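Structure, as C-alpha cells:
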Amino acid sequence: MKVREVMSTNVACCTGQDSMETAADKMESLNVGAIPVVNKGQVIGMVTDRDLAIRGVAHNGAENISQVMSQNVVTISPDASVEEAAALMAQHQIRRLPVVEDGQLVGMLSIGDLSVNELSNETAGVALTDISKNF
C-alpha cells in the first residue's frame, strides 16, 4: 500500500512569517498538534503545539513561526510504501510526515493514518512501539 492511499490531502499550513497565535488558532480549530510551515509550497519547517508552548514561551520576543519551528523536517514521497513511512517515523521518532512530491507539499501522513487501514494496522503498531521507546 502506498502513502498516497492513506495520507490526508487537505493540509493546513503556515508560513514562517505567520504569528504563533495564527498557528495556535489553526491547531485549535483543526484539532491537530502540528502544522507544516511552507514557502511557496515547499516545506521549510514544522511547528507543533509543543514548539509554541516551550520555544514560544522560552523566546519571549518570538514574533513569528520561523523563530520556534523545527527546521530539519523529514518528508516522504506519496509513492513510498506505508512500511517505508512507518520505518522512517520509527527511525526519527516522529508521528507525522509531510508528504512531498516534486518539492511541493501534497499531504500529511500521521501514525493514525497508518492505523486506519487494516493492512497497515500492524505496521502502525510496530512504528508506534518504536517511536515510544525513547519516551
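The numbers here are math on the coordinates, done by the rules we state, and not lab data. What you see is a predicted model, and the numbers here were worked out from it, not measured in a lab. With ideal geometry, Cβ positions are generated from the backbone for all residues, glycine too; neighbour counts draw on all protein chains shown.
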| remark: Note, the stretch 105-113: 3J(HN,Hα) by Karplus (6.51, -1.76, 1.60, θ = phi - 60°), whole Hz, Gly/Pro = x, goes 5, 10, x, 9, 10, 10, 4, x, 4
| said: Using all alpha carbons of the stretch 3-132, what is the percent of pairwise distances in each 5 Å bin, ordered from the shortest bin to the longest? | reply: 2, 12, 21, 21, 19, 14, 7, 3, 1, 0
| field | the stretch 1-16 versus the stretch 24-55: alpha-carbon centroid distance in Å | value | 13
| task | Pick out, in residue order, every one of the GluC sites (Glu not before Pro) in the stretch 1-90 that is DSSP loop and has at most 12 other C-beta atoms within 10 Å; say none if there are none. | result | E63
| request: Any chance you could run the full-extension gain for S70 through D25? It's 0.36 nm times the residue separation minus the Cα-Cα distance, nm to one decimal. | output: 14.3 nm
| task | For every other residue with a beta carbon closer than 9 angstrom to the beta carbon of V3, add +1 if it is Lys or Arg and -1 if Asp or Glu, then tell me the sum. | result | -2
| For the stretch 48-100, max minus min Cα coordinate along each principal axis, in Å, sorted largest first? | 42, 19, 14
| For I44, residues with placed amide H under 5 Å, excluding near neighbours | V37, V38, N39
| Total charge dipole magnitude, the stretch 3-132, about the Cα centre, Cβ charges on Lys, Arg, Asp, Glu only, Debye to nearest 20 | 320
